[in-house]
Amino acid sequence: MIRTKIIGAGHYVPENVVTNHDLAKLITTSDEWIRERSGIEERHFITPGVHNTTSMGTMAARMAIERANLKPEDIDFIIFATLSSDYYFPGPGVMLQRELGIKPTGALDVRNQCSGFIYGLSVADAYIRSGIYKNILLVGSETQSIALDMTDRGRNTAVLFGDGAGAVVLTATENENEGILSTHLYAEGEHADQLCLKMPGTGAHKMIYPEMMDSEDILPIMNGNFVFKNAIARMTEVVLEALAKNNLTTDDIDMLVPHQANLRITQMVQRQLRLPDERAYSNIAKYGNTTAATIPICLSELWEQGRIKPGQLYALVAFGSGFTWGSVLLRW
Ligand code: UT7
């Protein structure tokens with residue numbers, strides 16, 4: 001039986017570090033409020049013109065491919081998850097392919113926001129298990145900084161998000177003691193407007209028109225409390241579902257890698273799963289929420305720290321705009 005395993009992880013964040021104190025110079029907020037409500041201390045923002053979603057994704061992908069001991073020409077399929085692509089179209093998968101000089105092959109763009117990486121893993125797993133592709137490059141990369149509402153109106157979202165990218169290389173294994181055990185995806189479109197950026201889009205009479213510049217629809221909006229409560233419930237639920245499906249319990253989890261949206265959310269999920277701090281990874285203090293990039297950045301850091309050991313059970317879980325959510329259980 002073929003299974004899918006991760007054989008390399010990489011990440012990249014831009015050099016420009018923006019602290020809570022820096023944000024407090026632009027909007028009415030404070031280091032204390034941001035730390036207490038979200039656990040975030042700083043985030044990285046691109047320098048416009050120097051980096052974008054594709055360029056950061058490319059840096060992360062190069063690191064992941066190198067750590068997998070492969071070359072770009074060994075990649076059979078590309079999956080790129082983002083909500084912030086460089087162009088409206090085409091999507092970033094082909095841009096990344098161009099940057100890496102990868103041979104003509106499929107390049108799929110995934111747009112499931114904070115759950116994009118989990119959705120991408122699920123697609124990669126299905127392709128690899130069915131024998132269609134062998135080596136898949138999966139990237140999550142986001143440029144949030146240039147779309148944030150840096151006024152008091154947008155302060156509940158402006159302080160949360162950051163820029164960055166993470167990537168993994170997946171391959172086929174016939175060892176049934178390792179690899180992805182199962183993936184679980186969900187969406188609940190009735191909550192699409194609870195966390196969204198409406199424009200530019202085809203919902204208006206024209207994609208771009210002068211009056212839209214005065215519309216609040218060109219800025220991201222979020223019903224923070226509602227998203228917060230749903231995130232805790234859904235993330236806990238979908239990890240428990242994955243464990244039950246594989247006849248495992250929370251005691252079997254060596255590391256929970258949750259989407260980094262808010263430290264209070266991940267701590268609540270961790271508590272409900274009764275996992276101690278050393279079995280739940282967090283780096284939100286340094287990067288904020290980098291949407292589709294949070295989980296692969298965590299995996300790359302764990303890789304770098306030498307903390308990933310063969311046989312360990314990892315639970316990956318995300319929740320975000322859509323609403324969309326999902327989990328992946330995997331054994332290294
Ligand atoms: O990636 C998945 C998507 N995102 C998330 O999962 C995020 C989910 N939501 C959250 O993380 C939290 O709801 C927030 C961090 C956004 C907000 O925390 P909260 O504890 O839910 O605060 P709140 O929205 O209830 O606001 C409390 C107060 C309000 O003032 P009043 O009405 O009590 O006077 C806000 O206006 O805090 C105010 N506030 C701020 N104050 C200082 C909102 N944003 C800020 C800010 N600085 N940046």
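No value in this document is a laboratory result; all are computed from the given coordinates. These numbers were taken from a predicted model, which means no experiment stands behind them. Cβ: placed from backbone, ideal geometry, glycine included. Neighbour counts: every protein chain shown.
Once you reduce the range 139-153 and the range 224-284 to the center of their Cα atoms, the two points are 25 Å from each other. One quarter of the convex hull surface built on the alpha carbon atoms of the range 11-148 amounts to 9.5 nm², the projected area averaged over directions. Note on the chain: Lys pairs 8 or more places apart or on different chains, Cα atoms under 21 Å apart, count 9.
In order along the range 282-291, the Karplus-derived 3J(HN,Hα) couplings, from 6.51 cos²θ - 1.76 cosθ + 1.60 at θ = phi - 60°, round to 9, 9, 4, 4, 8, 10, x, 8, 9, 6 Hz, and Gly and Pro are given as x. Take the Cβ atoms of E66 and A204, set R0 to 41 Å, and the FRET efficiency comes out at 0.40. Fewest neighbouring Cβ atoms within 10 Å first, the residues S38, S141, S282 line up as S282, S38, S141. Over the range 179-331, the Kirkwood radius and the radius of gyration, each from Cα atoms, give a ratio Rg/Rh of 1.05. Taking a sphere under 15 Å around the Cβ of R129 and counting the other residues whose Cβ falls inside, with K and R at +1 and D and E at -1, yields a net charge of -1. Other residues with beta-carbon under 12 Å from the beta-carbon of I75 carry, at +1 per Lys or Arg and -1 per Asp or Glu, a net charge of +1.
Beta bridges from DSSP with both residues in the chain: antiparallel share about 70 percent, rounded to the nearest 5. Charges were assigned to the Cβ only: +1 to each Lys and Arg, -1 to each Asp and Glu. The resulting dipole of the chain about its Cα centre is roughly 480 debye. Evaluated on the range 181-269, the Kirkwood hydrodynamic radius is 16.0 Å, with distances taken between all distinct Cα atoms. Take each peptide in 3-10, 211-218, count the other Cβ atoms within 10 Å of every residue, and average; sorted highest first, the result is 3-10, 211-218. Here's the picture: charge each Lys and Arg Cβ at +1 and each Asp and Glu Cβ at -1 in the chain, and of L275, Q312, A187 the one pushed furthest to the positive end of that dipole is Q312. Over all other residues within a Cβ to Cβ distance under 14 Å of R111, the charged ones net out to -3, with Lys and Arg as +1 and Asp and Glu as -1. Residues of the range 19-60 with the amide nitrogen closer than 11 Å to a label point 7 Å from the Cα of D152, along Cα-to-Cβ, please. Under 11 Å, as judged by backbone N against the label point of D152, lie 27-29 of the range 19-60. Among complete DSSP H helices in the chain, those whose alpha-carbon atoms stretch at least 20 Å along the helix's long axis and whose mean Kyte-Doolittle hydropathy reaches -0.5 are 53-67, 224-245. Both radii were evaluated on the Cα set of the range 82-184; the Rg over Rh quotient, with Rh as the Kirkwood radius, amounts to 1.05.
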